[in-house]
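Since the structure comes first, as structure tokens, the remarks are kept for the end.
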Amino acid sequence: MVRFIPVDRETEYLLPPSVSEWLPEGHLARFVVEIVEQLDLRELTEQYAGRGSAAHHPAVLLSILIYGYATGVFSSRKLERATYDSVAFRYVAANTHPDHATLAAFRRRFLSQLEGLFVQVLMVAHEMKLMKLGQVSLDGTKLKANASKHTALSYGHARKLEKHLLSEVKELTARAEAADRANPESDGMDVSAEIGRREARLAAIREAKAKIEARAQERYELERQEYESRQNKRQAQRDAGKKPRGKNPQPPQAGPKDSDQINLTDGESRIMPVSGGGFEQCYNAQVGVDTTTMLVISTHVTQAPNDKQQVEPALKKLSELPDELDKPTALLADTGYFSGTNVTAYINHGIEPLLSMKRQPHNMSVFERFAPDAPAPETDDPVERMAHRLKTKAGRALYGLRKQTVEPVFGIIKNVMGIRQFSMRGLEKVTGEWTLVALAWNVKRMNVLRTA
């Protein structure tokens with residue numbers, strides 16, 4: 001005879017249940033609470049005035065956000081619902097239920113404090129002996145903005161719209177004046193309202209044009225500096241009796257192009273090429289990842305689709321880390337970060353540069369892999385020394401750590417944690433949210449490392 005476990009949903013608890021008994025030992029939710037309890041949250045708690053009804057403690061709200069982002073739940077409404085539906089979220093929230101407005105307001109209010117909390121979590125990892133800095137991999141990934149690329153307005157189209165709206169306003173004004181003189185019967189059109197709507201659109205278009213023109217000026221200044229640098233380099237070659245290779249660079253053109261765009265939903269996001277082809281409205285999210293533990297140790301977000309200008313911001317972030325965390329010995333990055341200036345910047349910060357100078361071959365022959373290292377060049381040129389280092393067995397092995405550290409982090413963040421698009425808008429808020437994502441990843445990763 002088949003026996004089944006009895007099903008009884010009516011019997012009351014003989015003793016009140018304890019939330020501490022709801023989850024198994026080693027569960028991520030437990031670890032999130034343990035980590036948050038070790039953080040100094042005075043910068044958050046001191047901002048509460050103490051007036052009105054009792055507030056949810058920042059430790060509870062922060063724990064909910066960290067556990068939510070770590071498990072792919074980042075909508076404030078879904079987080080609120082999870083405090084009812086999920087045993088793990090009930091544990092994290094201590095069986096309370098902050099509403100979605102409270103969670104959203106907390107996230108917006110303390111975005112600027114997240115960077116300090118991110119560093120505190122790194123310090124906790126160091127104290128737990130889960131991290132000792134050595135080599136760091138630097139890379140970036142495109143994450144969609146909270147805006148559609150179809151809400152973008154190009155400079156050329158803005159000029160056409162402006163001209164069309166101005167002509168309509170002129171016609172409507174003339175019609176209103178004629179109506180005042182003739183006093184005909186109304187045709188149902190509120191001319192004043194129609195003019196007001198068009199003038200409001202004209203104001204928005206002029207504001208968008210002004211922003212596009214400002215961006216175009218910034219671009220022109222950068223292109224002009226690069227043009228002058230290339231011209232000076234070619235002139236130095238001529239002065240040394242050498243013929244410069246390639247065509248002479250063309251001077252940049254000032255002013256916006258008709259194809260320059262601004263997004264009307266999130267004006268600080270940019271159209272960027274994405275992996276797999278095509279273009280999306282994105283931000284370029286950057287991380288520095290410790291190659292030993294795969295913990296993220298630095299983050300920043302940029303509007304530039306190209307990574308070449310991201311070395312200095314990354315080095316600045318690394319230099320601001322507490323002395324207790326040590327300093328990286330080497331920084332690995334792909335060819336998108338390579339330039340002579342960036343190589344020099346690494347050395348000035350006391351970090352060995354290992355920047356790929358060209359696309360690396362996937363399959364080296366057995367003879368190339370086991371060939372003896374060539375003698376080191378007798379030169380003071382840092383680029384030549386780095387190029388030789390990359391060709392040695394030790395250099396190839398060290399650079400090979402890049403793919404197996406930073407790329408899996410992006411893969412897990414996007415495909416496991418489900419973070420493919422920012423929830424917030426604007427560079428400052430998006431930067432704070434990316435810091436929260438990295439913080440959640442670090443806590444999730446630390447929970448794995450402590451049991452390894």
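Observations
- Of all the criteria given as (1) surrounded by fewer than 11 Cβ atoms within 10 Å (Cβ to Cβ); (2) under 30 Å from Asn447 (Cα atoms), the one not satisfied by Met294 is (1).
- Selection status of Arg107, assigned to a helix (DSSP H, G or I), open to solvent by 50 Å² or more (accessible area, probe 1.4 Å) and under 21 Å from Gln421 (Cβ atoms): no
- Those residues of segment 21-43 which are part of a helix (DSSP H, G or I) and touching a residue at least 60 places away in the same chain (Cβ under 8 Å), in sequence order: Leu28, Ala29, Arg30, Phe31, Val32, Ile35, Glu43
- Scan segment 118-132 for residues that are over 14 Å from Ser298 (Cα atoms), open to solvent by 20 Å² or more (accessible area, probe 1.4 Å) and in a helix (DSSP H, G or I) and the total you get is 2.
- Subset of segment 333-353 (residues that are among the small types (Gly, Ala, Ser), open to solvent by less than 30 Å² (accessible area, probe 1.4 Å) and not in a loop (DSSP other than H, G, I, E, B)): Ala333, Gly336, Ala345
- Those residues of segment 103-122 which are among the polar types (S, T, N, Q) and at pLDDT 95 or above, in sequence order: Gln120
- Qualifying residue in segment 239-250 (condition: open to solvent by 60 Å² or more (accessible area, probe 1.4 Å), without any contact (Cβ under 8 Å) to a residue 12 or more places away in the chain and acidic (Asp, Glu)): yes
- Condition met for Val289 (part of a strand (DSSP E or B) and buried (at least 22 other Cβ atoms within 10 Å of the Cβ)): yes
- In segment 255-270, of all residues being open to solvent by 70 Å² or more (accessible area, probe 1.4 Å) and part of a loop (DSSP other than H, G, I, E, B), the one that is modelled with the lowest pLDDT corresponds to Ser259.
- Search result, residues across segment 237-254 that are hydrophobic (A, V, I, L, M, F, W, C) and either within 30 Å of Tyr155 (Cα to Cα) or at pLDDT 85 or above (or both): Ala254
- Unmet criterion (only one of (1) in contact with a Pro (Cβ under 8 Å, 6 or more places away or on another chain); (2) within 30 Å of Lys414 (Cα to Cα)) for Gln237: (2)
- Looking across segment 403-432, the residues that are open to solvent by less than 50 Å² (accessible area, probe 1.4 Å), part of a loop (DSSP other than H, G, I, E, B) and farther than 11 Å from Ala285 by Cβ come down to Thr405, Met417, Gly418, Ser423, Met424, Gly426.
- Filter pass, Leu114 being assigned to a helix (DSSP H, G or I) and either of a type in the set (Asp, Glu) or touching a Phe, Trp or Tyr at 6+ places or on another chain (Cβ under 8 Å) (or both): no
Each row is one residue, and each column tells you yes or no for (1) exposed (fewer than 14 other Cβ atoms within 10 Å of the Cβ); (2) at pLDDT 85 or above.
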residue: Leu172; (1), (2): no, yes
residue: Glu177; (1), (2): yes, no
residue: Pro184; (1), (2): yes, no
residue: Asp187; (1), (2): yes, no
residue: Arg198; (1), (2): no, yes
residue: Ile205; (1), (2): no, yes
residue: Ala214; (1), (2): yes, yes
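- Any hit, segment 146-154, residues being under 37 Å from the mean Cα position of the chain (by Cα), under 20 Å from Glu433 (Cβ atoms), open to solvent by less than 30 Å² (accessible area, probe 1.4 Å) and at pLDDT 85 or above: yes
The values are calculated or read from the model by the stated rules, or taken from the named source; none is laboratory data. What you see is a predicted model, and the numbers here were worked out from it, not measured in a lab. Note: ideal-geometry Cβ built from the backbone for every residue, glycine included; neighbour counts use all protein chains shown. Just so you know, the surface numbers come from the protein's heavy atoms only, side chains and all, with ligands and any DNA or RNA stripped out. Shrake-Rupley method; radii C 1.70, N 1.55, O 1.52, S 1.80 Å.
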